[in-house]
Amino acid sequence: MVWDWLPEYLPRFMEGLWLTVQLLVISIVIGMTLAIPIGLVQVTGPRPLAWLAKGFCTVVRGTPLLIQLWLIYYGVGSLFPSIPGIRESFLWPYLRDAFPYAILAFSISVAGYEGEVMRGAFRGVPKGELEAARAIGMSPFQVLRRVWLPRAVQNVFPTLTGEFILTLKATPLAATITIYEAFGISSIVRQETYRIYEPLLFVAFLYICLSAILILLFRYLENKIPKRSA
Amino acid sequence: MQNVFEVLAYSPPGWGGALLRGLLNTVQIALGAYLLGLLIGLFGAFGKIYGGPVLRWSLEIYTTLIRAVPELVLILLLYYAGADFLNFLLESMGFERIDINPLVAGIYVIGFVQGAYSTEVFRGAFYAVPTGQIEAAKAIGMSSWKCHTRVVIPAMIPFAISGLANLWLIATKETALLAVVGFSELALVTKQATGSTKAYLPLYLAAAGLYLSVTLASNVIFGAVERYYRRGQPVQG
């Protein structure tokens with residue numbers, strides 16, 4: 001094992017790690033924002049919206065993320081240059097950058113998987129609690145914000161932690177669309193130093209550390225949630 | 001953009017046939033890897049349950065590390081490490097270096113990853129089998145082997161089946177990552193097709209549709225298998 005390349009590339013690994021964290025956090029925030037209504041309409045209806053949400057979850061969960069990523073980056077991305085005048089518009093620098101496409105793909109993936117989790121979570125909240133909330137005069141939105149959503153999230157918090165770890169482990173796929181996050185940097189090292197194992201082992205170590213931090217963070221948050229003492 | 005039907009036509013210059021052959025490779029690898037994973041998982045689970053401290057700890061390290069590292073990193077690591085290790089063995093025994101069949105390599109890499117997950121599924125299922133059933137089997141004089149093949153493992157299946165169905169779906173989707181090491185399964189074939197035709201959207205949509213059809217078909221099959229193995233069990237939920 002030769003590690004003399006490490007000091008030289010360490011700053012780039014730190015930049016890559018920062019990009020990984022950005023990808024992860026932004027996708028989880030956007031994805032969860034979408035997952036809540038996707039889960040909710042499957043429980044409350046109306047029927048056509050519920051079917052739409054169910055179809056969305058099935059398609060997202062039934063196709064590889066790599067294909068979704070390529071479909072969005074190469075497929076959808078290839079449509080934009082044909083729109084007249086778009087090269088001169090203020091949007092063009094963003095449309096040329098790979099990062100927004102990766103965010104879009106990962107957010108859709110998080111929305112699909114977590115929409116399914118949230119469906120079960122919303123369904124799992126006892127009816128009596130919702131009726132009680134309505135009975136004391138809360139508006140439907142208040143019921144959702146004060147009772148239904150907090151109780152649903154409380155029930156599936158450990159599941160969501162596991163799902164976010166899976167999302168973290170999916171971020172290296174972004175390297176295939178030219179985003180040099182942590183794994184992408186290790187590929188650069190591999191190509192420039194002709195060392196196969198050391199950069200891969202190092203990046204594996206980085207991901208293990210990130211997972212550990214994520215698990216500790218979510219365990220801390222989980223303990224913050226008041227639990228009913230049974 | 002070219003006509004969608006021309007691009008997706010079965011025979012060349014259309015890419016439909018190539019995509020279907022890619023799909024066949026994907027299914028082959030997924031099937032092989034899944035079976036290898038089940039085998040590793042079964043041994044891993046019983047190793048964790050009955051093994052001594054050394055075996056238990058090494059299995060614990062195996063399942064923890066595999067599940068903590070991104071699949072893409074694992075696939076590259078296992079791919080290179082497996083090839084180097086095999087060639088090292090062959091050379092030390094005085095044979096020539098060989099190029100590994102990509103199908104075998106893909107099965108071994110994904111199967112090794114799947115094994116870690118199915119170990120945990122089987123371990124959970126083992127503890128769900130009521131102890132009374134195992135004691136009853138022992139009481140009527142079954143040997144340990146018979147007790148496991150006739151009672152424990154069949155009784156584990158209903159508890160394991162939903163986890164195993166999930167693992168199969170993960171296996172089919174994980175094969176797409178083999179595109180990164182250059183194995184021509186569906187994802188890589190699609191990428192090559194888009195490279196030559198520039199018809200990005202229709203080709204990727206077609207690939208996604210093929211993966212989706214595998215998933216939907218698997219759901220039907222696993223549903224039937226689950227119903228079969230749950231027969232005679234009390235209805236839950």
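Values in this text are rule-based calculations from the coordinates and carry no lab data. For clarity, every value in this text was computed on a predicted model and none was experimentally measured. All Cβ positions, glycine included, derive from the backbone under ideal geometry; neighbour counts span all protein chains shown.
In table form, for the structure just shown:
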| item | result |
| --- | --- |
| Helix-only mean residue ellipticity at 222 nm for chain A, each DSSP H run of n ≥ 4 adding -39500 (n - 2.57), per residue, nearest 500 | -24000 deg cm²/dmol |
| Along chain A, longest interval not containing exposed trypsin sites (Lys or Arg not before Pro), exposed being DSSP loop plus at most 10 other Cβ atoms within 10 Å | A:1-226 |
| Residue range of chain B that is longest and free of chymotrypsin sites (Phe, Trp or Tyr not before Pro) which are both DSSP loop and sparsely packed (at most 14 other C-beta within 10 Å) | B:96-237 |
| Cα Rg over Rh - the protein assembly as shown, Kirkwood | 0.99 |
| Gap separating the Cα centres of segment A:153-230 and segment B:58-93, nearest whole Å | 20 Å |
| Size of electric dipole in chain A: Cβ of Lys, Arg +1 and of Asp, Glu -1, about Cα centre, debye, nearest 20 | 1120 debye |
| Dipole magnitude of segment B:4-229 about its Cα centre (Cβ charges: Lys, Arg +1; Asp, Glu -1), debye to nearest 20 | 520 debye |
| Student exercise, the protein assembly as shown dipole from Lys, Arg, Asp, Glu Cβ charges, in Debye to nearest 20 | 1880 debye |
| Signed unit charges on C-beta, dipole axis of chain A, positive-most listed residue A:TYR73, A:PHE106, A:VAL147 | A:VAL147 |
| Restraint check, A:LYS169/B:LYS146; A:LYS127/A:LYS224; B:LYS138/B:LYS173, Cα-Cα greater than 32 Å | A:LYS169/B:LYS146; B:LYS138/B:LYS173 |
| 0 to 90° range, to nearest 10: angle between helix B:71-92 axis and chain B longest Cα axis | 80 degrees |
| Dipole of segment A:173-225, positive end: most advanced residue of A:LEU214, A:GLN191, A:PHE202 [Cβ charges, Cα centre] | A:LEU214 |
| Residue-averaged 222 nm ellipticity for chain B, from DSSP H runs of 4+ at -39500 (n - 2.57), nearest 500 | -26000 deg cm²/dmol |
| Of A:ILE136, A:ILE165, A:ILE38, the one that fluctuates the most in a GNM where chain A has Cα springs shorter than 10 Å | A:ILE136 |
| Tilt relative to chain B, helix B:153-174 - C-alpha long axis, 0 to 90 degrees, to 10 | 20 degrees |
| Farthest positive-ward along segment B:4-229 dipole, Cα basis, beta-carbon charges - from B:PRO53, B:GLY22, B:ALA207 | B:PRO53 |
| Helix A:6-44 axis, angle to chain A major axis (alpha carbon atoms, nearest 10°) | 20 degrees |
